[in-house]
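Data first, discussion second: the structure below is written as structure tokens.
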Amino acid sequence: MNPNAATLWPGPRWTLALLLACLGMIGPFSIDTYLPAFSGIAASLGATPVQMQQTLSSYLLGFAVMNLFHGALSDSLGRRPVVLAGVALFTLASVGCALSQTIGQLVFFRAVQGMSAGAGMVVSRAVIRDMFPPADAQRVMSQVTIYFGIAPAVAPMIGGLLFVHADWHAIFWLLVALGAALWVSMWRWLPETLAEPARQPFNAGNLLRGYAQMLRSPRFMMLVLASGVPFNGMFLYVLAAPVFLGEHLRLGPTQFFWFFMLTIGGIMGGAWVSGRLAGKIKPRHQIRHGFVIMFVTSLVNVALNLLFDPHPAWAMLPVAVFSFGWALMVPVVTLLTLDLVPERRGMASSVQSCVGSLANAAVAGIVAPLVMHSTLALALTSLSMLGVGVFAWLWVKPRLPQGAD
């Protein structure tokens, strides 16, 4: 924690949480906004469904690869320069997406978008831990998650309206405007939170030693899996939204927002409860509650899909409850992960985000296209993703350091 944290941000804690949420939400917003326009983009560029799926998986792959470096760079250069460079590149890549004339160009610029969008999400976690002790950091992380949830909730509705009343290019021009506004906001208000004595040497040997330390730590990697992989139990449905909502549930592009509102509502509710519980119950108990909610909900979801045909009246609710359970436990697991390597929190956030994003990219490019034809297959795959997280947590829980109780 920065010893001068109290003077770096004189305003209320929630205002810093709001600023960091805006920084982290640009990545998910750029995914959810264009999903309702999938069919229109495909028709305009003459793309196949598989090629359109690659616009998503290339974004996630770029996000995952560069996530390895955003946090490490911020440990050496400071949080602020990395954020400003990332947001600037994201804005330029959004211009490229808006001007794309072929599916190949769109895939390329989506990859650049992903490579740059991760800077905000990775560095914002390190900023929180730079500024606050553990219990307060959990509360701020929960506040960030609540604010963070607003954008993905409205993103598909905005994207659907822009697609219907303008065209798909307007969606990316909106991202250009948001990126520019975010850069100005970060330049104006974001303080440098990494104390000078805490900066790591910027050289290849030091970076490789840091990565090796984390990758060789079973506790660290299991916590990373416990936080990152269960997210895909929910994210799978977001990735499959054009088919899940459009074909299985027969919803129109402007109706997609119902699904996203329910899902993000679950995330915001879980994050709010997580913040309220900070410092009141043991972290591992809160994590257990989240996993129990997700596991029971996943079993119910499988049973419903075995017994009934999918219908909007019930098919979206399990995803929302699952999201609640995930948001209840993930702020705690994230902080536990960062605190295992307190001298390299930026790099720890990078590795954590990279592993989660690689899983996201694999689900987007391989798993989702294979299972989105069946709602039962989606439910079973979601349960299996959760199973990885449950196993990782059960393994690491008795091996946590004494202070993690």
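Side notes on the structure shown:
- Pairwise alpha-carbon distances in region 347-390 exceed 12 Å for 66% of all pairs.
- Table column - 3J(HN,Hα) (Hz), region 17-34, Karplus curve with 6.51, -1.76, 1.60, x for Gly and Pro: 4, 5, 4, 5, 5, 4, 5, x, 7, 5, x, x, 4, 6, 7, 5, 5, 9
- Answer label, with Cα Rg over 2.2 N^0.38 Å calculated from the coordinates and candidates (1) 0.93; (2) 0.99; (3) 1.22: (1)
- Nonlocal amide H pairs with Gln200, under 5 Å, H built at 1.01 Å: Ser76
- Spin-label model, Ile150 to Arg199: label points 7 Å out along the Cα-to-beta-carbon direction sit 3.4 nm apart.
- Region 155-162 - phi-based ³J(HN,Hα) in whole Hz, Karplus 6.51/-1.76/1.60, Gly and Pro as x: 4, x, 5, 5, x, x, 5, 5
- Förster radius 25 Å - calculated FRET efficiency between Arg216 and Val296, Cβ distance, rounded to 0.05: 0.10
- Here the 3J(HN,Hα) profile of region 172-181, calculated from phi with Karplus coefficients 6.51, -1.76 and 1.60 at θ = phi - 60°, is 6, 5, 4, 5, 4, 5, 5, x, 5, 5 Hz, Gly and Pro shown as x.
- Max mean-square fluctuation residue, GNM over the chain, Cα-Cα springs under 10 Å, options Leu236, Leu215, Leu245: Leu215
- Measure of compaction for region 227-333 (Cα Rg per 2.2 N^0.38 Å): 1.11
- Theoretical FRET efficiency, 1/(1+(r/R0)^6), r = Cβ-Cβ of Ile366 and Arg276, R0 51 Å, to 0.05: 0.85
- Ellipsoid semi-axes for region 75-169, based on the Cα gyration tensor and the rule √(5λ), read 31, 19, 8 Å when sorted largest first.
- Relative packing of 228-235, 291-298, which averages over residues the other C-beta atoms within 10 Å, highest first: 228-235, 291-298
- A straight line joining the Cα centroids of region 278-343 and region 235-266 runs 19 Å.
- Hydrodynamic radius of region 16-56 per Kirkwood, over alpha carbon pairs, in Å: 11.7 Å
- Computed over region 1-82, the P(r) tail beyond 21 angstrom holds 51 percent of alpha carbon pairs.
- When region 283-378 is reduced to its Cα atoms, the Kirkwood hydrodynamic radius in Å: 15.4 Å
- Coarse-grained scattering of region 136-277 at q = 0.14, 0.15, 0.19 Å⁻¹, given as base-10 log I(q)/I(0) from a Debye sum over alpha-carbon atoms: -1.02, -1.10, -1.25
- GNM result for the chain, Cα springs below 10 Å: residue of Tyr34, Tyr211, Tyr59 fluctuating most strongly: Tyr211
- The per residue volume of the convex hull around the alpha-carbon atoms of region 147-208 is 167 Å³.
- Linear extension gain, Trp395 paired with Arg188, 0.36 nm per residue minus alpha-carbon span: 70.1 nm
- Each helix, a run of at least 4 DSSP H residues, gives -39500 (n - 2.57); summed and divided by the residues of the chain, these come to -26000 deg cm²/dmol at 222 nm.
Here, each number is a calculation from the coordinates, and none is a lab measurement. Nothing here was measured: the structure is a model prediction, and the numbers come from that model. Here Cβ is always computed from backbone atoms with ideal geometry, including for glycine, and neighbour counts include all displayed protein chains.
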